[in-house]
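Novice: Please read through the structure below; I'll follow up with questions.
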Amino acid sequence: MSTTSLSVIVKRICPQAADILSFELVPAGAEALPACTPGSHIDVALADGIVRQYSLCNGPGEDGGYIIAVKREPVSRGGSAAMHERVREGDVLSISLPRNHFPIDWSAQSHLLLAGGIGITPLLSMARHLQAAGAGFHLHYFARSDQHTAFRELLASPDLRSKVSLHHGLSADEVKTCMQGLLASPAPMQHLYFCGPAAFMGLAADLAQPVWPAGSVHMEYFSAPVSDAPQGSFEVHMKRSGGNCIVPEGKSIVEALAEKGIMIETSCEQGVCGTCLVNVCGGEPDHRDFYLSDQEKRDGDKILPCVSRSRSPVLILDV
Ligand code: FES
C-alpha cells in the first residue's frame, strides 16, 4: 500500500453484471479527492492486511468520488470475496492516491481498445474520455454473455454505442480469430490498449507484437499469469545500507531483504503495480514482472523485487 492513504466512504454499491459490483467512493472528510486520469488505479486496503488494486471507471467530470468495479473471482485470494461479502455502503475504507501506469497517449490519431471481462474498467474510463475529447477510438469488449457485461447502460448510451462492439460467448478459437482480424493492420498513428485475464493478455500481446510499432501498444495486467520459471538462489548486495543477503529458492528479494531489516514498500506482490520498484546498480536482473516495458527490461537498471530474480550470481541494488 502506498504510504499516502486517503479515507473514503462507500457511498453506493451497485450490481453491474453477474458477479460484478461497482463501488462509489467519496471523501470521508471535507477535502475533495485528488483528480484522476483515465487508466488510473487505486490500492484498496481490506481486512487482514489485504491490499488490492482496482482501476477507476470514472468518466469526464465525475470528480466527486472514485468508481471501481470488482468481479467476485471463483478462486479469490481474499480481495474480491472481501469486497463482495464484507464491504457495505457507509463503510470507511483506506485507499491510496490514484496512480496511472496505463495512460492514454493523446498524440495518437486513433485508439483501439480491447477489454476482456472485468478488464473493461480502465478501458471504459478511457472510452468515455476519448469520446468527450472527440478522439477517434473503438472499444471491443469480450464477455461471456449479456449478463456478464458490466456497465451495459453506459456502453449502450447514444454517445458510446456506435464506438463499442460487444463480443459475447465466443470460444477461445473464436476470440483468437476475432483478435487476429482486429490487430492485423494498425492504422497510421493508431495506438492499442488492452486489459483482461492472463490468456487474453497473452493472446493480444502475441498478435500485436509482430505488427504494431514499438511504443504504440499499452497494456494493464490486473493479475499476473502463473509462472513455473525456475527459482534458483542468488546473492543481493545492498549498496546504500551495506551488507549482503542470500535470496533462496522460494523466497522473493523483498522477503529476503525484510529479514535483514530492509523494508521495501509493496502492494500487489505480483509484479503488476510497480510499487516496489528499485534501482539496479550491478548484476543482471531476471525480470519476471508485467510492469516494466521491454526496453526498460533490456536496460536492466530497474527491478520489481516482489517477483523478479537475478541471472547473475550477485545483484547489486540501490537499497
Ligand atoms: Fe506490485 Fe511489486 S509490489 S510490482
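Novice: Pick from the stretch 158-181 the residues that are farther than 17 Å from Ala199 by Cα and touching a residue at least 24 places away in the same chain (Cβ under 8 Å): which of them is most open to solvent (accessible area, probe 1.4 Å)?
Specialist: Of everything passing the filter in the stretch 158-181, Asp159 is most open to solvent (accessible area, probe 1.4 Å).
Novice: Might you let me know whether the stretch 224-237 holds any residue that is among the hydrophobic types (A, V, I, L, M, F, W, C), within 19 Å of Asp318 (Cβ to Cβ) and open to solvent by less than 20 Å² (accessible area, probe 1.4 Å)?
Specialist: Looking for residues that are among the hydrophobic types (A, V, I, L, M, F, W, C), within 19 Å of Asp318 (Cβ to Cβ) and open to solvent by less than 20 Å² (accessible area, probe 1.4 Å), one finds at least one in the stretch 224-237, hence yes.
Novice: If you check Lys176, Lys163, which single one turns out to be under 27 Å from Gln270 (Cβ atoms), at pLDDT 95 or above and of a type in the set (D, E, K, R)?
Specialist: Testing whether each residue is under 27 Å from Gln270 (Cβ atoms), at pLDDT 95 or above and of a type in the set (D, E, K, R) leaves just Lys176.
Novice: Would you confirm, using the coordinates I've provided, whether Glu269 is open to solvent by 40 Å² or more (accessible area, probe 1.4 Å) and more than 10 Å from the ligand (Cβ to nearest atom)?
Specialist: no
Novice: Of all residues in the stretch 133-152, how many are crowded, with 18+ Cβ neighbours inside 10 Å, of a type in the set (Gly, Ala, Ser) and farther than 14 Å from Leu170 by Cα?
Specialist: Summing the residues that are crowded, with 18+ Cβ neighbours inside 10 Å, of a type in the set (Gly, Ala, Ser) and farther than 14 Å from Leu170 by Cα in the stretch 133-152 gives 1.
Novice: Consider only pairs whose beta carbons are under 7 Å apart and that are at least six residues apart or on different chains; among these, list those whose first residue lies in the stretch 280-292 and is part of a loop (DSSP other than H, G, I, E, B) and open to solvent by 40 Å² or more (accessible area, probe 1.4 Å) and whose second residue is of a type outside the set (A, V, I, L, M) and more than 11 Å from the ligand (Cβ to nearest atom).
Specialist: So the pair list comes out as Gly283/Ser310; Gly283/Ser312; Glu284/Gly300; Glu284/Ser310; Glu284/Arg311; Glu284/Ser312; Arg288/Ser227; Arg288/Arg309.
Novice: Turning to a different aspect of this structure: Of the residues Gly274, Gly261, Gly242, only one is assigned to a loop (DSSP other than H, G, I, E, B), open to solvent by less than 60 Å² (accessible area, probe 1.4 Å) and either in contact with a Cys (Cβ under 9 Å, 6 or more places away or on another chain) or hydroxyl-bearing (Ser, Thr, Tyr) (or both); which?
Specialist: Criteria check complete, one pass: Gly274.
Novice: Just need a number here: residues in the stretch 1-25 that are assigned to a strand (DSSP E or B) and open to solvent by 30 Å² or more (accessible area, probe 1.4 Å).
Specialist: Number satisfying all stated conditions: 12.
Novice: Something else about it: Determine whether Ala204 is outside any helix (DSSP H, G or I) and of a type outside the set (S, T, N, Q).
Specialist: no
Novice: Which count do you get for residues in the stretch 67-81 that are of a type in the set (Gly, Ala, Ser) and modelled with pLDDT of 90 or more?
Specialist: 1
Novice: Here's something else I'd like to know. Condition first: of a type in the set (A, V, I, L, M) and part of a loop (DSSP other than H, G, I, E, B). Now tell me which residues in the stretch 53-78 satisfy that.
Specialist: Leu56, Val75, listed by residue number.
Novice: Related question: Quickly run through the stretch 293-316 and pick out the residues that are open to solvent by less than 60 Å² (accessible area, probe 1.4 Å), farther than 27 Å from Leu97 by Cα and touching a residue at least 24 places away in the same chain (Cβ under 8 Å).
Specialist: Hits for the stretch 293-316 are Arg309, Ser310, Ser312, Val314, Leu315, Ile316.
Novice: In addition: Is it fair to say Glu220 is farther than 30 Å from Ala108 by Cβ and out of contact with any Asp or Glu (no Cβ under 9 Å at 6 or more places or on another chain)?
Specialist: no
Novice: Continuing with this model, one more query. Being outside any strand (DSSP E or B) and either more than 15 Å from the ligand (Cβ to nearest atom) or touching a residue at least 24 places away in the same chain (Cβ under 8 Å) (or both) is the requirement here; does Glu249 meet it?
Specialist: Yes; evaluated as a whole, the condition is true for this residue.
Novice: Same structure again: In the stretch 256-276, how many residues are closer than 24 Å to Ala214 by Cβ and in contact with a strand residue (DSSP E or B) (Cβ under 6 Å, 6 or more places away or on another chain)?
Specialist: Of the residues in that region, 2 qualify.
Novice: Follow-up. Please state which of the following conditions Arg52 fails to meet, knowing it meets all the rest: (1) in contact with a His (Cβ under 8 Å, 6 or more places away or on another chain); (2) crowded, with 21+ Cβ neighbours inside 10 Å.
Specialist: (1)
Novice: Does Gly116 satisfy the condition of being of a type outside the set (Asp, Glu) and open to solvent by less than 10 Å² (accessible area, probe 1.4 Å)?
Specialist: So Gly116 passes the test.
Novice: Looking at Leu56, Leu33, Leu93, Leu25 in this structure, which one is within 20 Å of Thr149 (Cβ to Cβ) and either touching a Phe, Trp or Tyr at 6+ places or on another chain (Cβ under 9 Å) or at pLDDT 95 or above (or both)?
Specialist: On inspection, the qualifying residue turns out to be Leu56.
The values are calculated or read from the model by the stated rules, or taken from the named source; none is laboratory data. Source: prediction; values computed, not measured. FYI the Cβ positions are ideal-geometry reconstructions off the backbone, even for glycines, and counts take in every protein chain you see. Accessible surface is based on the protein model in full, side chains and every heavy atom, while ligands, DNA and RNA are left aside. Shrake-Rupley method; radii C 1.70, N 1.55, O 1.52, S 1.80 Å.
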